[in-house]
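**Q** If you scroll down you'll find the structure; I have some questions about it.
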Amino acid sequence: MHELGITQNIVAIVGEKAGDQKVSRVKLEIGKLSAIEPEAIRFCFDLCAKGTCIEGAVLEIDEIEGRGKCNVCGEEMPLTLLAGICSCGSLSITCLAGQELKIKEMEVE
């Protein structure tokens, strides 16, 4: 479960940015094509935050849909996998969204 290591890094980054301030809310963006399970992050968050300035913070996660663009005709399309096929028949698609993992916001007291 690589989400435990990812969550530890999220807590470390937020804690570093917060300094001495108590964090009350953390908002993440996780792409649906990122191979990161939001529910596993939720499960690990309280455990990783225990004993830090983030303990007790509310975790919000926005899941970002996959989007791609055909490199041949330029059409944009939803993606549910990193590989896809365009309506023009091309397999050459660039992923525009859905692979991200971002700490979007944090709220301190």
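**Q** Any chance you could give the angle, 0 to 90 degrees and rounded to 10, that helix 3-18 forms with the longest Cα principal axis of the chain?
**A** 60 degrees
**Q** By DSSP, what percent of the beta bridges with both residues in the range 15-109 are antiparallel, rounded to the nearest 5?
**A** Once the DSSP bridges in the range 15-109 are tallied, antiparallel ones form about 70 percent.
**Q** Now a separate question. Restricting to Cα pairs below 8 Å that are 6+ residues apart, what does the relative contact order work out to for the chain? Please round to a whole percent.
**A** 37 percent
**Q** Based on the Cβ-Cβ distance from Cys88 to Ala35, what FRET efficiency comes out when R0 is 22 Å, to the nearest 0.05?
**A** For R0 = 22 Å, the calculated efficiency reads 0.20.
**Q** Using the Karplus equation 6.51 cos²θ - 1.76 cosθ + 1.60 (θ = phi - 60°), what ³J(HN,Hα) coupling, rounded to whole Hz, does each residue of the range 88-103 give in order, writing x for Gly and Pro?
**A** Computed from phi, the couplings for the range 88-103 are 7, x, 6, 9, 8, 10, 9, 6, 9, 7, x, 9, 6, 9, 10, 8 Hz.
**Q** Continuing with this model, one more query. Could you identify which residue out of Asp62, Asp46, Asp20 has the top mean-square fluctuation in a GNM of the chain using Cα springs shorter than 10 Å?
**A** Asp20
**Q** Which of the aspartates and glutamates could a cross-linker bridge to Lys22, judged by Cα under 15 Å and excluding same-chain residues fewer than eight apart?
**A** Once the sequence-local aspartates and glutamates are set aside, what remains near Lys22 is Asp46, Glu55, Glu105, Glu107, Glu109.
**Q** Over 19 Å between C-alpha atoms is what I'm after, so list which of Lys27/Lys102; Lys32/Lys69; Lys50/Lys102; Lys27/Lys69; Lys17/Lys50 land there.
**A** Over 19 Å Cα-Cα: Lys50/Lys102; Lys27/Lys69.
**Q** So if I take the centroid of the Cα atoms in the range 1-31 and the same for the range 57-89, what is the distance between those two points in Å?
**A** Using only Cα atoms, the two centres lie 26 Å from each other.
**Q** A further question follows. Of the candidates Ile54, Ile36, Ile85, which one comes out as most mobile in a Gaussian network treatment of the chain with C-alpha springs shorter than 10 Å?
**A** Sorting by GNM fluctuation, first place goes to Ile85.
**Q** Compute a Gaussian network model of the chain, connecting alpha carbons closer than 10 Å, and tell me which residue from Gly31, Gly15, Gly98 fluctuates the most.
**A** The residue that fluctuates most here is Gly15.
Every number in this text was worked out from the coordinates using simple rules, so none of it is lab data. Remember, it's a predicted structure, so these values are computed and weren't measured experimentally. In this analysis, Cβ positions are derived from the backbone assuming ideal geometry, glycine residues included, and neighbour counts consider all displayed protein chains.
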